[in-house]
1. Scan segment 143-157 and give yes if some residue there is more than 22 Å from Leu84 (Cα to Cα), in a helix (DSSP H, G or I) and touching a residue at least 40 places away in the same chain (Cβ under 8 Å), otherwise no.
2. Could you say whether any residue in segment 85-103 is in a helix (DSSP H, G or I), aliphatic (A, V, I, L, M) and free of Cβ contacts under 8 Å to residues at least 60 places away in the same chain?
3. Please determine whether any residue of segment 123-138 is modelled with pLDDT under 80 and either small (Gly, Ala, Ser) or over 16 Å from Ser227 (Cα atoms) (or both).
4. Of the residues that make up segment 141-153, is at least one more than 30 Å from Trp364 (Cα to Cα) and at pLDDT below 85?
5. Run down Leu475, Leu493, Leu460, Leu504 and say which single residue is of a type outside the set (Phe, Trp, Tyr), in contact with a helix residue (DSSP H, G or I) (Cβ under 9 Å, 6 or more places away or on another chain) and within 21 Å of Ala304 (Cα to Cα).
6. Quick check: anything in segment 224-237 on the phi > 0 side of the Ramachandran plot and surrounded by fewer than 24 Cβ atoms within 10 Å (Cβ to Cβ)?
7. Report, by residue number, each residue of segment 242-271 that is more than 22 Å from the chain's Cα centre (by Cα) and in contact (Cβ under 8 Å) with a residue 40 or more places away in the chain.
8. Quickly run through segment 154-173 and pick out the residues that are more than 18 Å from Leu79 (Cα to Cα) and either surrounded by 15 or more Cβ atoms within 10 Å (Cβ to Cβ) or at pLDDT 85 or above (or both).
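The values are calculated or read from the model by the stated rules, or taken from the named source; none is laboratory data. Computed from a predicted model, the values in this text were never measured in an experiment. Note that we place each Cβ from the backbone using ideal geometry, even for glycine, and neighbour counts take in every protein chain shown.
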Amino acid sequence: MTEVLIWSFVLRLTQAFIAASPFILAGLIVAGIFRRLMGRESTRRLFGGSSGRSHLQAWGLGMLLPICSLGVIPVIRELRGMGLRGGTILAFAMAAPLFNPLSVLYGLTLSEPIAIVAFAFCSLIVVTGVGMVWDRLFPESSQTEEEPAPVGAGLKRMLAIGVAAARQAGGASALYILAGLIGVALLGVIVPPGALQHAMNGDNPLAPLTMTAAAIPVYATPMLAMSQLGMMFQHANSPGAAFVLLALGAGMNLGLVIWMWRQYGLRRSAAWMGLLLVVVLGLAYGVDRPLYPHAIDPADHTHAFDIYCRPFYSDNASPGAAALATLRRDTKPYELYPVAMLGLLVAAGLLLNLLDRQGRIEHWLEAAPQTEVPRRFDVVLPGPVLGGIALVGLVITSIVGCYAYYPPPAEVLEEMNVVKAEALGSALSEDASHATYWIEVYDDWSRKLEVGAFLRDWQLSDYHRMKARILREQLELLEHEIEHQDHEEVQRLVAKVSRSQSRLKTAFLEER
């Protein structure tokens with residue numbers, strides 16, 4: 001049993017780190033841009049300073065930047081030193097992980113668009129309302145640190161951003177991020193396998209409360225939270241629990257809670273958490289019935305939250321081998337690139353923080369260059385202008401990335417043919433674990449098909465949505481029959497899925 005618990009911890013920690021690495025990298029870059037390009041005054045103006053609109057601006061900026069609740073930690077540490085009010089910082093910290101262009105597009109195909117719009121509006125109420133009340137209760141929450149000297153134009157400015165990001169990656173930010181990862185790993189040790197499958201049913205009035213208890217130690221990327229929201233609506237689970245998952249599961253983690261406690265003290269942190277829970281639960285129960293998908297037959301369970309439970313049963317004889325096999329199977333090659341980049345940045349930060357505690361490299365970067373006659377076509381842009389361009393570039397990159405992440409329908413359908421062969425072949429050969437994995441991949445590609453078509457035509461008819469929904473419903477039935485080991489029914493559903501795939505292909509390629 002001890003071996004099972006250890007490998008469950010290792011697997012969940014590793015899975016969370018791999019998923020978080022690109023968002024953490026983005027957060028480190030944003031923190032470096034604020035510190036070395038934007039500067040204190042420009043950053044304060046960007047966030048509204050001490051004005052009444054600061055919470056709204058923090059929410060808007062958070063919605064645009066592609067970072068998660070772990071990636072936001074280095075950013076808010078910089079904002080704290082720039083003298084922003086605590087309510088504004090915490091509002092940004094809660095808003096940034098909830099939505100980005102990729103996750104919003106994904107969410108619009110996973111559930112009813114009105115639900116995503118409603119959740120976005122509710123998140124605005126949460127972060128601005130709680131932030132405003134908290135600032136009124138604790139008006140003296142700001143803290144200003146000494147601002148670093150400016151860096152001269154040229155490559156030194158770019159290097160300064162890298163140095164700032166590296167020091168964060170190998171410093172205190174890494175410890176808070178590790179605490180957040182440990183939180184979700186511990187949840188994967190404590191919660192038994194499949195324990196959350198029935199807890200979020202739509203007829204369970206305690207579903208939002210149950211989700212609240214699980215959501216704070218949970219770490220979910222915006223994409224994962226959106227996919228889980230979609231599964232909840234697909235199974236007619238509690239919309240209130242879905243909102244709690246988005247607000248607290250994607251918006252909070254243990255590392256963020258620990259940072260808040262260390263910066264603002266126990267009393268102020270408890271007040272923030274109390275206000276947050278009251279508002280989130282109030283909105284959750286407020287939207288639970290109006291957003292309930294009455295047109296969908298409710299399922300008696302969901303696998304959406306199995307990733308937060310223990311991955312292995314206590315009688316598993318070789319959990320280590322199973323954990324390694326799961327990582328090899330689930331980790332895509334492109335996911336290893338941000339992991340490697342983040343590892344190099346952490347290593348560089350550790351070396352800088354150990355060998356250059358006096359900040360000699362920063363002094364060299366900040367040293368005034370010798371006077372040179374400017375070249376004829378040289379144009380020196382102010383740091384805040386470059387910082388603004390860089391931030392806009394991050395947003396544009398995430399939008400352009402949508403077109404890469406969601407390919408054209410013809411390309412998606414080619415991938416779906418490959419995935420279909422794996423899923424249906426495994427189902428017929430009664431390889432349950434292999435079939436279940438490929439069915440989930442199949443389901444995901446069907447959703448990418450819808451988003452890819454929408455991105456290119458800016459519309460998606462109910463007819464095309466219906467064809468994709470029929471395929472997913474049959475895949476879900478197939479997964480259930482595989483679990484029940486009904487081979488005859490599996491064969492029947494395999495044939496139905498194959499026919500639905502053919503009709504789906506015809507609809508998206510020839511009937512648009």
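1. yes
2. Checking segment 85-103: at least one residue is in a helix (DSSP H, G or I), aliphatic (A, V, I, L, M) and free of Cβ contacts under 8 Å to residues at least 60 places away in the same chain.
3. Within segment 123-138, none of the residues are modelled with pLDDT under 80 and either small (Gly, Ala, Ser) or over 16 Å from Ser227 (Cα atoms) (or both).
4. Among the residues of segment 141-153, at least one is more than 30 Å from Trp364 (Cα to Cα) and at pLDDT below 85, which makes the answer yes.
5. That would be Leu475, the only listed residue that is of a type outside the set (Phe, Trp, Tyr), in contact with a helix residue (DSSP H, G or I) (Cβ under 9 Å, 6 or more places away or on another chain) and within 21 Å of Ala304 (Cα to Cα).
6. For segment 224-237, residues on the phi > 0 side of the Ramachandran plot and surrounded by fewer than 24 Cβ atoms within 10 Å (Cβ to Cβ): present.
7. Gln263, Tyr264, Arg268, Ala271
8. Across segment 154-173, the qualifying residues are Lys156, Arg157, Met158, Leu159, Gly170.
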